[in-house]
Amino acid sequence: MGLHNGDKMMRYEEWSKLARKASKRSLWMVHFCTGCGAIEMPPVMTSRYDMERFGIAPMATPRQADVLLITGYLTVKTLRRVIQVYEQMQSPKYVIAFGSCTINGGMYWDSYNTIKHLEKYIPVDLYIAGCMPRPEGIINAFLELMKLIDEGKARGWERYQKYYDKYKENQRRVFNFEVKEEEKEEKEQKREKNEEH
Amino acid sequence: MKEYELFIGPQHPGITGNMMYHLWVDGDTVTKAECNVGYLHRGFEKLMESRLWMQNIPLVCRICVPEPDVNEAAYSMAVEQLMDWEIPDRAKYIRTIVLELARIAAYLMAIGSYAGSIGIYTLPQWSMGDRDYILDIFEQLTGARVYHIYIWPGGVRWDMPADLPRLIEKTLNYIEERLKLYDDVLFENRVFFDRAIGVGKIPCNKAIEWGVTGPNLRACGYGYDVRKLEPYAAYDEIDFDIVSYPDLGKFDAHEAGDVYTRMIIRRLEIEQSIAIIRQALKKMPESEHILKHPNWLRWKVPEGYAFARVESSKGEFGYFVVSDGGLKPVRVHVRGPSYTHGINVAEKLLQGANIADVSQILFSLDICPPDIER
Amino acid sequence: MKSIELLGKGEEMHGRAYIKLSADEIEESIKKLKENGFNHFVMLSCVDWLDKGKFELVYHMWNYEEKEHAMLSVDIDRNNDVMKSMSHLFPQIETYEREIHEMYGIKFEGNNRLTPFLLENWPHDPPMRKDFDSKKFVKQMYESIPFIEGDENEGI
Ligand code: SF4
């Protein structure tokens, strides 16, 4: 009808603001325990800390959920599943990462099977510090996330769309990592030398 | 009838953690099950080989998340064997108390999640809340809720505060009261009887050969418990009973080795643990809490092979430690209790089970994936 | 100790029997111990002695009646790492062998379930071997992957 393009934009902005206000009050999180931080989730979900008073509830299927919790270290094998779950979720979707393991590898910095920086593979909206964050920390993180959603700053999912190729490239690299050819040769030479001895 | 394949986990509420079962079903009967683990594999054993003996303590507790203290105890005991150390009496008692508190916490968690798997959602709410009071004790004692890093080679890290026994006593009384409510909601509930009796039976004559340990073995009628077989900490000075199959106290005994018996055994062992803690608090002597220890940075452990075993809430935890007399261990191998009943036994029990029973069988075995994978 | 008497050799180590056997004796010995009350198979572990050029397999068995623990140890050559599977004696040995096959690369003849167990698509050397340098591997694999550039709060 008589609407200008600018008006449409205005409307979109207003509506999304309203939608954000509503959605931040009913965050559903995927029921996926990926690491040792998952042990602090039951107390947070149940009677002592009760996060349902903030409108947060566990959800079994990713398609109905808004928040993905990465509760700690991720092995390469789990990362594959996490990415599948993340891509199944409908935007807007948010990622909260627990503990130092997701930030820089934590105490598994030299482990051959855990990824060190979660950020390289999926966008993270919020980190919780601590080696096993406390339940209060988790609840605080959710409140912080609500604030970010309200201000329109939790936009990891948009980042994922924008840099999709780069994320995919990184994921591909970690899944199909091969030791470089030269090094293989080097190793073989070493082995031959050993056998000669 | 067509055969279908189902994948349960790793992202699924009916699974005991981050692991997966691959089921082949015919109608709603499972014809074949295959376990797929490795989602939590961090290569602990490799990491331990490149760290000092003392640096391994914060690592080992992460092997079993619901009950971390058994790992610290088992690792410390293995190192003490190699060093030929006899720990002070007070440390023994403190260890006993810590291990039993951890056991209660783990059982509460197991019972809660089991109840959730048969649709009784009240109990998880209660038992998780009650478990938290035990974590509060740990927080006062050690400064951390879940990973305590409290049991060290040579004793415990620091002494028990003078006012802690009162808090422990109060919490134990509270939990005892709550157990009555648990009985009403789960253990004397018609739903539990109908769902659990005769389901997921471990064949009793095979149980030992299959390597089943802990409450699952005791449910089959063998009263074996590492606390009695090879007493560690202060268990040899404390008087307690091993609960095993036909002797189920106030509960009726039905079939050996089924889901019902396994859960009842866990419920009864909480009472035993409470009794143990009370005795230990009463008998605790005054003495040092830790041996005079060497410089941790230059600490060499004599050459040899040591094996320490500890009874955890899931079964027998074993640590095999090999030293060549250096600053770092040559090899630490962990026998997780779930290694047997989470893979081979579960695969066999699931065969022929109903799909609806899969999750309750898994929860009643109390499988803890991190100790399978390490 | 009973197991030492039964097998006619071995020594006591920190209260447990440590018995050194050769690769052909092991099956008979496990059978013999199993018949004589050592009916709980605790675990099978593997130690890599890089400087001695051998793998050591340790079979742990436990006797509930006598309360005795026996460790049966077998050495196998590091360059010729083949061993006979014992999975017909105790079912859980199958899983231990799967793990050792994956972590050390030892092949167990007669175990037909040596499928990937803990790792997935692992084209590299078996990680638990002492000559696998995990720090270097981490540097090559994980540290070489770049961070995604761009502003933190940037959207579409
Ligand atoms: S940060 Fe600590 S508690 Fe969290 S996953 Fe890592 S090791 Fe576990």
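The values are calculated or read from the model by the stated rules, or taken from the named source; none is laboratory data. Not measured: the values here are computed from a predicted model. Quick reminder, even Gly has a Cβ in these numbers, built from the backbone with ideal geometry, and neighbours come from all protein chains shown. We work out accessible area using only protein heavy atoms, side chains counted, and drop any ligands, DNA or RNA first. Shrake-Rupley method; radii C 1.70, N 1.55, O 1.52, S 1.80 Å.
Which of the GluC sites (Glu not before Pro) across the stretch B:261-307 are loop residues per DSSP, with 10 or fewer other Cβ within 10 Å? Answer by residue number: B:GLU286.
Among the protein heavy atoms of the stretch C:1-147, carbon and sulfur supply 46% of the accessible surface, probe 1.4 Å, non-protein parts ignored.
Classified by the C-alpha gyration tensor, the stretch B:208-351 has an oblate form. Its axis ratio a/c, with a ≥ b ≥ c, is 1.5 or above, and a/b does not exceed b/c.
Ordered by 1.4 Å accessible area with all protein chains kept, C:ASP48, B:ASP357 run largest first as B:ASP357, C:ASP48.
Taken residue by residue and averaged, Cβ atoms of other chains lying within 10 Å of the Cβ of C:98-104 number 2.
For chain B, the longest principal axis of the Cα atoms and the long axis of helix B:355-365 meet at an angle of about 20 degrees. Any chance you could check the Cα centroid distance between the stretch B:70-110 and the stretch C:30-98 for me, in angstrom? The distance from the Cα centre of the stretch B:70-110 to that of the stretch C:30-98 comes to 27 Å. Couplings for the stretch B:58-69, taken from phi via the Karplus curve 6.51 cos²θ - 1.76 cosθ + 1.60 with θ = phi - 60°, read x, 7, 5, 5, 7, 6, 10, 6, x, 9, x, 5 Hz in order; Gly and Pro are left as x. For the protein assembly as shown, the cysteines with no partner cysteine C-beta closer than 4.7 Å are A:CYS33, A:CYS36, A:CYS101, A:CYS131, B:CYS35, B:CYS61, B:CYS64, B:CYS368, C:CYS46.
Take the Cα of B:GLU169, step 7 Å toward its Cβ, do the same at A:GLU158, and the gap between the two points is 6.1 nm.
Here the stretch C:2-143 carries DSSP beta bridges of which approximately 75% are antiparallel, counting only pairs with both residues inside. Its alpha carbons considered, the protein assembly as shown gives a radius of gyration followed by a Dmax of 26.2, 101 Å. Of the chymotrypsin sites (Phe, Trp or Tyr not before Pro) in the stretch B:73-157, the ones in a loop by DSSP (not H, G, I, E or B) with at most 13 other beta carbons within 10 Å are B:TYR121.
Spin-label model, B:LYS283/A:SER47: points 7 Å from Cα along the beta carbon direction are separated by 3.4 nm.
Taking a ≥ b ≥ c as the square roots of the eigenvalues of the alpha carbon gyration tensor, the stretch B:111-233 is oblate, as a/c is not under 1.5 and a/b does not beat b/c.
The share of Cα pairs per 5 Å bin across the stretch C:2-143, counted from zero up to the longest distance, runs 2, 9, 18, 20, 18, 14, 9, 5, 3, 1, 0 percent. What is the angle, in °, between the Cα long axis of helix A:181-196 and the longest principal axis of the Cα atoms in chain A? Nearest 10 is fine, range 0 to 90. Long axis of A:181-196 versus the principal axis of chain A: about 30 degrees. Measuring against 20 Å, Cα to Cα, the residue pairs B:LYS32/C:LYS84; B:LYS46/C:LYS130; C:LYS54/C:LYS136; A:LYS77/B:LYS328; C:LYS107/C:LYS139 contain B:LYS32/C:LYS84; C:LYS54/C:LYS136; A:LYS77/B:LYS328; C:LYS107/C:LYS139 as the ones spanning a longer distance.
Hull volume per residue, based on the alpha-carbon atoms of the stretch A:17-196 and their convex hull, is 121 Å³.
For the protein assembly as shown, DSSP calls about 75 percent of its internal beta bridges antiparallel.
Please report the spacing between the Cα centers of the stretch A:89-152 and the stretch B:22-47 in Å, no decimals. A separation of 27 Å, based on Cα centres.
Restricting to bridges with both residues inside chain A, how much of the DSSP beta-bridge set is antiparallel, in percent to the nearest 5? Taking every DSSP beta bridge within chain A, about 15 percent pair in antiparallel fashion. Amide H contacts of C:MET43 (H built 1.01 Å from N, in plane; Pro and chain starts excluded): C:HIS60 sit under 5 Å, all sequence-distant by 5 or more or on other chains. Any chance you could give the angle, 0 to 90 degrees and rounded to 10, that helix A:76-88 forms with the longest Cα principal axis of chain A? On a 0 to 90 degree scale, this one is about 30.
Hydrodynamic analysis of chain B uses the Kirkwood radius over alpha carbon pairs. Inserted into Stokes-Einstein at 37 °C and 0.692 mPa s, it gives a translational diffusion coefficient of 155 µm²/s. Peptide A:28-38 has a mean shielding of 5, counted as Cβ atoms of other protein chains within 10 Å of each residue's Cβ.
Using only the Cα atoms of the stretch B:117-162, build the gyration tensor, take square roots of its eigenvalues as a ≥ b ≥ c, and label the shape rounded, prolate or oblate: rounded if a/c is under 1.5, else prolate if a/b is larger than b/c, else oblate. Note, shape of the stretch B:117-162 comes out prolate.
Take each residue in B:28-41, count the other chain C-beta atoms within 10 Å of its C-beta, and the mean is 5.
Computed from backbone phi with θ = phi - 60° and the Karplus coefficients 6.51, -1.76 and 1.60, the 3J(HN,Hα) list for the stretch B:147-164 is 9, 9, 6, 10, 8, 10, x, x, x, 10, 5, 9, 6, 6, x, 5, 8, 5 Hz; x is used for glycine and proline.
Buried surface for the C/B pair, taken as the accessible area of each chain alone minus that of the pair with a 1.4 Å probe, is close to 3800 Å² in total. Loop exposure criterion: GluC sites (Glu not before Pro), DSSP state outside H, G, I, E and B, at most 15 other Cβ atoms within 10 Å. Applied to chain A, the longest stretch between such sites is A:1-150.
Once both labels are positioned 7 Å from their Cα atoms along Cα-to-Cβ, the gap between A:SER91 and A:ASN104 label points is 3.1 nm. Of the GluC sites (Glu not before Pro) in the stretch B:1-53, not one is in a loop by DSSP (not H, G, I, E or B) with at most 16 other beta carbons within 10 Å.
The stretch B:186-248 and the stretch B:138-167 have their alpha-carbon centroids 29 Å apart. Given R0 = 30 Å, the distance between the Cβ atoms of C:PHE147 and C:ASP125 translates into a calculated FRET efficiency of 0.60.
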